[in-house]
Amino acid sequence: MAKVILPGGEVREARGLTFLELLGPNAKEAAAALVNGEIRDLREEVPEEGEARILTLSDPQALEVLRHTAAHILAHAVLRLFPGTKLAIGPAIADGFYYDFRFESPITHEDLARIEEEMRRIVAEDLPLERVWLPRTEAERLLQEKGEVYKLELLEEIPGEKISFYRQGEFLDLCRGPHLPSTGLVRHFKLLDLAGAYWRGDPHRDMLTRIYGTAFATAQELESFLRWREEARRRDHRVLGPSLDLFSIQNETVGAGLVLWHPKGARIRRIIEDFWVAEHYKAGYKLVYTPHIGRSRLWQISGHLDFYRESMYAPIVIEDQEFFLKPMNCPFHISIYKTKTRSYRELPIRYCELGTVYRFERSGVLHGLLRVRGFTQDDAHIICRPDQVEEEIKRVLRFALHILRAFGFTEFTAYLSTRPEKYIGNPEDWERATEALRRAAEEEGLSYEVKAGEGAFYGPKIDLEVQDSLKRPWQLTTIQFDFNLPERFDMTFIGPDGREHRPYMIHRALLGSLERFFGILIEHYGGAFPVWLAPVQAVVLPVSEKDIPYAEEVAEKLRAEGIRAEAWTREGKTLRWLVREAQLQKIPYILVCGAREAAEGKAALRLRTSENLGPQPLPEIIARIRAADSSRSTAL
């Protein structure tokens with residue numbers, strides 16, 4: 001007989017009852033049951049053996065059930081307000097839920113308020129959710145009568161002869177659950193946004209309307225999330241980038257997914273690149289440069305034309321030969337390696353490149369700097385002997401953490417993807433490579449999760465995820481073994497025995513791409529970059545027009561000391577306006593220069609945080625800025 005732990009800690013034994021029947025009057029705040037780690041609907045029978053625990057709305061595991069129920073309430077409200085709308089899917093997601101619809105006429109963001117109001121009526125009605133099992137033939141007939149073409153397609157993929165539906169009032173939806181006992185338990189929710197979404201993510205299928213929402217167990221959690229979301233919107237790189245004059249993407253003229261780096265954004269990029277190159281030279285890497293295009297034969301040998309063609313652009317024909325824009329840098333690095341016979345004494349060889357690649361992304365998935373069509377990978381390939389693998393993996397992981405910490409990231413999670421069912425290479429090599437990745441993560445004290453069977457067919461990998469200042473995860477670093485390309489390109493080295501041996505090859509990107517990394521940096525810092533990354537570190541403002549010569553002199557002295565400084569002439573603007581503009585541009589240091597400052601060789605120092613430090617001698621200001629720059633500190 002199974003033991004059921006109630007919310008207050010009481011343990012009951014039951015047989016032949018559903019969880020709801022067992023709870024009776026105590027079911028008021030119950031959300032679901034946790035049985036052997038799996039969330040079950042309270043309408044299910046208590047298992048014959050084992051242990052189960054009743055989850056309430058306050059349990060984190062119940063959040064998905066709450067949000068799934070909220071998605072049904074959303075669909076119910078939409079059908080009440082817009083009869084004839086066709087339903088697609090409505091899952092819970094990380095920050096809430098969504099439901100996809102095909103409306104007879106387009107709706108707008110203004111309609112969300114009406115829909116949300118109707119949802120609140122459905123919640124107030126406290127409708128019980130009832131699970132209904134229908135024979136397959138009856139389920140098919142019902143959906144055909146309703147014209148639910150998307151549900152019919154889903155039904156074809158559901159096994160078995162009994163099909164699960166959920167009913168609340170007049171609303172009935174194909175669904176496997178689980179759900180809350182009643183609509184009245186979904187008290188704290190908010191509709192957030194409206195977007196287009198292709199059915200099944202296929203651009204050749206119908207374009208649907210997706211409504212996003214979120215739901216929480218308490219009003220405080222909902223309010224906290226909405227504040228967090230507003231802060232995330234304030235930091236959106238697609239807004240901050242153009243407003244700070246860092247970059248632009250001009251779809252109508254230049255092309256979607258192609259980034260124009262403006263002078264200030266390009267300055268930050270150059271700082272990142274210079275730091276990246278210097279650190280790689282220190283770490284024993286060899287910088288290379290490779291072409292943007294390559295003959296079709298190169299991509300045939302690499303396998304890209306067979307396995308990656310849909311992400312490559314159409315060929316360019318030059319003198320009757322087909323060339324392709326490169327989607328990856330690795331075949332070029334291998335080509336450099338193969339220019340001569342290599343000895344075991346030369347290994348490891350670590351090639352690195354800031355190489356721009358081009359990949360076809362459909363317009364629907366392009367997203368600012370985070371998803372583009374042309375981007376620069378901070379790429380590297382390590383070619384080593386089997387006996388060097390473990391040490392190289394430790395080195396590259398340690399190096400990745402060093403680079404990421406320099407940019408202000410401190411929270412990391414690793415994901416280890418292991419051998420899938422279909423793979424190339426021998427199991428011994430896979431095991432050696434996987435264990436090298438595992439031990440490297442453990443030695444660096446990284447928490448990691450194993451994604452069993454999710455490695456690529458050509459080798460295991462470890463991915464590093466960072467948390468930004470809003471606690472959002474971003475996957476950046478990838479360290480990927482490759483047992484495929486060394487075979488395809490017949491890579492060899494001469495061992496101490498005088499014979500040819502196959503090297504190991506490791507693909508490695510630390511920042512992912514400069515474009516995506518820059519977008520993440522903008523949002524991480526909200527555009528207020530630390531001094532070492534700020535495109536303009538100091539701006540000098542004259543109090544009046546007659547103070548312009550001294551302001552320009554101060555800016556020149558700062559630049560002579562290696563400080564990125566500008567002097568702003570007034571152009572009819574008040575000092576108050578200039579200071580405000582400098583703060584909006586998030587310039588770290590604001591130096592105000594008037595007649596008194598000129599006489600004393602000083603400047604009145606303000607910070608972008610609005611702190612006014614008063615007149616300071618120029619050597620002290622210069623020393624302060626240089627110290628913040630060299631330390632890479634976030635402090636001013």
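Quick note: the coordinates plus some simple rules give every number you see, no bench work behind them. Small disclaimer: the values here were computed from a predicted structure and weren't measured. Here the Cβ positions follow ideal geometry from the backbone for every residue, glycine too, while neighbour counts run over all protein chains shown.
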Notebook entry, point to check: Can you give the extra length, in nm with one decimal, that the chain gains between Ser164 and Ser630 once fully stretched, where that is 0.36 nm per residue apart less the Cα-Cα distance?
Noted result: 161.5 nm
Check: What shape does region 340-384 have by the C-alpha gyration tensor, where a ≥ b ≥ c are the square roots of the eigenvalues, rounded means a/c under 1.5, and otherwise prolate means a/b greater than b/c and oblate the rest?
Finding: prolate
Item checked: Among Pro178, Ser417, Leu347 - extreme Cα towards positive end, dipole of the chain, charges at beta-carbon -> Leu347
Notebook entry, point to check: Mind checking which aspartates and glutamates have their C-alpha under 19 Å from Lys28, skipping anything on the same chain fewer than 8 residues away?
Noted result: Glu10, Asp41, Glu44, Glu45, Asp59, Glu64, Glu125, Asp126, Glu130
Note to self: Placing unit charges on C-beta atoms (Lys and Arg positive, Asp and Glu negative, everything else neutral), compute the dipole magnitude of the chain about its Cα centre in debye, rounded to 20.
What the structure shows: 1740
Notebook entry, point to check: So for the pair Glu465, Ala314, with labels modelled 7 Å out along Cα→Cβ, what separation do we get in nm?
Noted result: 4.0
Notebook entry, point to check: Under the rule of -39500 (n - 2.57) per DSSP H run of 4 or more residues, summed and divided by the residues of the chain, what mean residue ellipticity at 222 nm is obtained, to the nearest 500 deg cm²/dmol?
Noted result: -10000 deg cm²/dmol
Item checked: Gyration tensor verdict on region 289-347 (Cα atoms; rounded if a/c is under 1.5, prolate if a/b is larger than b/c, oblate otherwise) -> prolate
Item checked: Rel. contact order, % - alpha carbon contacts under 8 angstrom, at least six apart, the chain -> 8
Next item on the list: Report, in debye and to the nearest 20, how large the dipole of region 63-234 comes out about its Cα centre when Lys and Arg carry +1 and Asp and Glu carry -1 on their Cβ.
Entry: 160
Margin query: How much length would be gained if the chain were fully extended between Asp274 and Arg472, taking 0.36 nm per residue of separation minus their Cα-Cα distance, in nm to one decimal?
Written below: 68.5 nm
Margin query: Considering only C-alpha atoms, what is the centroid distance from region 309-352 to region 219-258, in Å?
Written below: 36
Notebook entry, point to check: What is the Cα centroid distance between region 7-31 and region 134-209, reported in whole angstrom?
Noted result: 29
Note to self: Can you find, among Gly512, Tyr448, Ile403, the residue sitting farthest towards the positive end of the charge dipole of the chain, where Lys and Arg contribute +1 and Asp and Glu -1 at Cβ?
What the structure shows: Ile403
Note to self: If I model a spin label as a point 7 Å beyond the Cα along the Cα-Cβ vector, how far apart are those points for Glu561 and Ala232 in nm?
What the structure shows: 4.1
Margin query: Going by Cα centres, region 436-474 and region 385-418 are how many Å apart?
Written below: 9
Notebook entry, point to check: Which shape class applies to region 2-56: rounded if a/c is under 1.5, otherwise prolate when a/b exceeds b/c and oblate if not, where a ≥ b ≥ c are the square roots of the Cα gyration tensor eigenvalues?
Noted result: rounded
Next item on the list: Using R₀ = 35 Å, calculate the FRET efficiency as 1/(1 + (r/R₀)^6) where r is the Cβ-Cβ separation of Asp206 and Glu454; round to 0.05.
Entry: 0.70
Notebook entry, point to check: Using a simple charge model, +1 on the beta-carbon of Lys and Arg, -1 on the beta-carbon of Asp and Glu, nothing else, what dipole does region 1-110 show about its Cα centre, in debye to the nearest 20?
Noted result: 300
Margin query: Could you tell me the relative contact order of region 481-569? Use alpha-carbon pairs under 8 Å, at least six residues apart, and round to a whole percent.
Written below: 19
Next item on the list: Kindly put Ser105, Ser335 in sequence by how many other C-beta atoms sit within 10 Å of each C-beta, fewest to most.
Entry: Ser105, Ser335
Next item on the list: Between Thr56 and Glu29, with labels modelled 7 Å along Cα→Cβ, what's the label distance in nm to one decimal, could you check?
Entry: 0.3
Next item on the list: Mind checking which of Ser311, Ile336, Phe323 is farthest towards the positive end of region 296-343's charge dipole, using Cβ charges of +1 (Lys, Arg) and -1 (Asp, Glu) about the Cα centre?
Entry: Ile336
Item checked: Chain lengthening between Arg596 and Lys422 when straightened (0.36 nm per residue, less Cα-Cα) -> 55.0 nm
